[in-house]
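Have a look at the structure below before the remarks.
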Amino acid sequence: MLAKRIIPCLDIKNGQTVKGVKFLEIKEVGDPVELGALYAEQGADELVFLDITATHEGRKTFVDLVRRIARNINIPFTVGGGISELSDADALLNAGADKISVNSSAVRNPQLINDLARNFGSQFVVAAIDAKHQHGDDWVVTVNGGRIPTDKKLFSWAKEAEDRGAGEILFTSMDHDGVKTGFANEALAKLSDELSIPLIASGGAGAMEHFKDVFTNGKADAGLAASIFHFKEIPIPQLKKYLREQGIVVR
Amino acid sequence: MNIVIIKYNAGNIRSVLNALNRLGYEAEISADPEIIEAADKVIFPGVGEASTTMEYLRRTELDKLIIGLKQPVLGICLGMQLMCSWSEEGAVDCLGIFDEKVCKFQLPVDNQDNIKIPHMGWNTINNVKTSLFDASLEASYVYFVHSFYVAIGPDTAATTNYILEYSSALQKDNFYATQFHPEKSGSVGESILSNFLKL
């Protein structure tokens, strides 16, 4: 049976792993390759590396880093941040990335998803969506790390991204991110029902139970988290053991 | 040992090379017929679309070359599908090394379990046979990304269950193939690659 995936996410700034709380305060937590390799060894199923460097110099550093990650890590990894053209994606593919994620750039230019899928295949394209809850089923899509609301809504934009050729959806709830009280399970379950591609849940993991909930109530295919892994609050082997005991299929 | 990875218009060939390097092997990525034919081991990787890739293989005559290889050959993912006789992806005739058709996964009608396509992530290999797998690899997890599958047949070397039980590995004569990505399957994948290189 297909296993539910646990995905540590590493935010990268100037070649170092960092983690912000609610996208603001930034703390350094170490070398991305070392940390990624450690997670892979501990049983992480995939890794996500998000480049939060904005400068041109930083971009080049990130491509070099991706090359180093690809040489050293034996599980699949996704890279994202600042990909707005085919050439950006091409450089990352050649550096060894298995998938790329697009977020703000796809909201501004949805055709980017079609172009990426046509050139590199859907399996290479993760559509990352940051959204903020309004009321009821109303979630507004935000860009620039949650700072700017857009006219797009979560459910229709996720479906559109799938129709345009995205291979996976990575949904981050801006209301849950960094709060550690659990994932946005209601919205996730609705998304999972409406999509026919895999759904990665992000934002809100603070305890092992939250992963059980996101795989059952939230119907997610994968759970992504950062700080709880970086600050060693939940070791991955312990999390996997717990999920197995709860009857969730994990590797 | 002289290992050659066939270079063609497919994505992520480098990840196979990286995996071999981690195991302590060097390999050459080449489309040169002489270099491929002289190799001790040939790896035919692949991420991409079947019909455009087959068209490319025909145009470059890599199709005839691959069929005629005598040394151990390992097809990976799309590489395995292209080694079959026909693919529903673009309705295209393929290399015909394995007498199997490649079909698209169909979602169950009610789909209560929210099954998704592609089959993406870690799943187990079962009923393993051939020297690609040792018995300890039975029921171990490997990494898959695919929307098309090969049914179970005489050349099946491992099976996996997703929507239905299908062939996650094939073997016939000197040709070996995996639907999953050993180069991305952690230590299990590394064992499988090592087993292939020891053939």
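Of the residues making up the stretch A:215-237, just one is buried (at least 24 other Cβ atoms within 10 Å of the Cβ), in contact with a helix residue (DSSP H, G or I) (Cβ under 6 Å, 6 or more places away or on another chain) and outside any loop (DSSP other than H, G, I, E, B), namely A:223.
Here's a check for you: in the stretch B:149-193, which residue that is of a type in the set (A, V, I, L, M, F, W, C), open to solvent by 10 Å² or more (accessible area, probe 1.4 Å) and closer than 14 Å to residue B:100 by Cβ is farthest from the other protein chains (Cβ to nearest Cβ)? Don't jump to the end; show me each part of the working.
Let us first name the residues in the stretch B:149-193 that are of a type in the set (A, V, I, L, M, F, W, C), namely B:150-152, B:157-158, B:163-164, B:169-170, B:175, B:177, B:180, B:188, B:192-193.
The next check asks that each one be open to solvent by 10 Å² or more (accessible area, probe 1.4 Å); those that pass are B:151-152, B:163-164, B:175, B:188.
Next cut, closer than 14 Å to residue B:100 by Cβ only: B:151-152, B:175.
Details: B:151: 19, B:152: 17, B:175: 24 Å.
Only one residue tops the list, namely B:175.
Right, residue A:74: surrounded by fewer than 22 Cβ atoms within 10 Å (Cβ to Cβ) and in contact with a helix residue (DSSP H, G or I) (Cβ under 8 Å, 6 or more places away or on another chain) or not? Walk me through it before giving the result.
Values: surrounded by fewer than 22 Cβ atoms within 10 Å (Cβ to Cβ): no; in contact with a helix residue (DSSP H, G or I) (Cβ under 8 Å, 6 or more places away or on another chain): yes.
So residue A:74 does not fit the description; no.
Selection of first residues in the stretch A:221-238 that are under 15 Å from residue A:30 (Cβ atoms) and away from chain B (no Cβ under 14 Å) and of second residues that are among the acidic types (Asp, Glu) and assigned to a strand (DSSP E or B), restricted to Cβ pairs under 7 Å at least 6 apart or on distinct chains, gives the following pairs, ordered by first then second residue: A:226/A:11.
If you go through the stretch B:108-152 and keep only what is more than 16 Å from the chain's Cα centre (by Cα) and aliphatic (A, V, I, L, M), you end up with B:109, B:115, B:117, B:135, B:137, B:139. Note on the stretch A:164-204: residues that are open to solvent by 10 Å² or more (accessible area, probe 1.4 Å), within 14 Å of chain B (Cβ to nearest Cβ) and closer than 18 Å to residue A:104 by Cα total 2.
Regarding residue B:125, is this residue modelled with pLDDT of 95 or more and either buried (at least 17 other Cβ atoms within 10 Å of the Cβ) or on the phi < 0 side of the Ramachandran plot (or both)? Spelling it out, residue B:125 is indeed modelled with pLDDT of 95 or more and either buried (at least 17 other Cβ atoms within 10 Å of the Cβ) or on the phi < 0 side of the Ramachandran plot (or both).
A search for C-beta distances below 8 Å between a residue of the stretch B:94-114 that is free of Cβ contacts under 8 Å to residues at least 12 places away in the same chain and any residue that is part of a strand (DSSP E or B) and not aliphatic (A, V, I, L, M), counting only pairs 6+ apart in sequence or on different chains, returns nothing. Counting only residues that are at pLDDT 95 or above and touching a Ser or Thr at 6+ places or on another chain (Cβ under 9 Å), the stretch A:223-246 holds 4 of them.
The values are calculated or read from the model by the stated rules, or taken from the named source; none is laboratory data. Not measured: the values here are computed from a predicted model. We place every Cβ from the backbone using ideal geometry, glycine too, and count neighbours over all the protein chains shown. Calculation scope for accessible area: heavy atoms of the full protein, side chains included, ligands and nucleic acids excluded. Shrake-Rupley method; radii C 1.70, N 1.55, O 1.52, S 1.80 Å.
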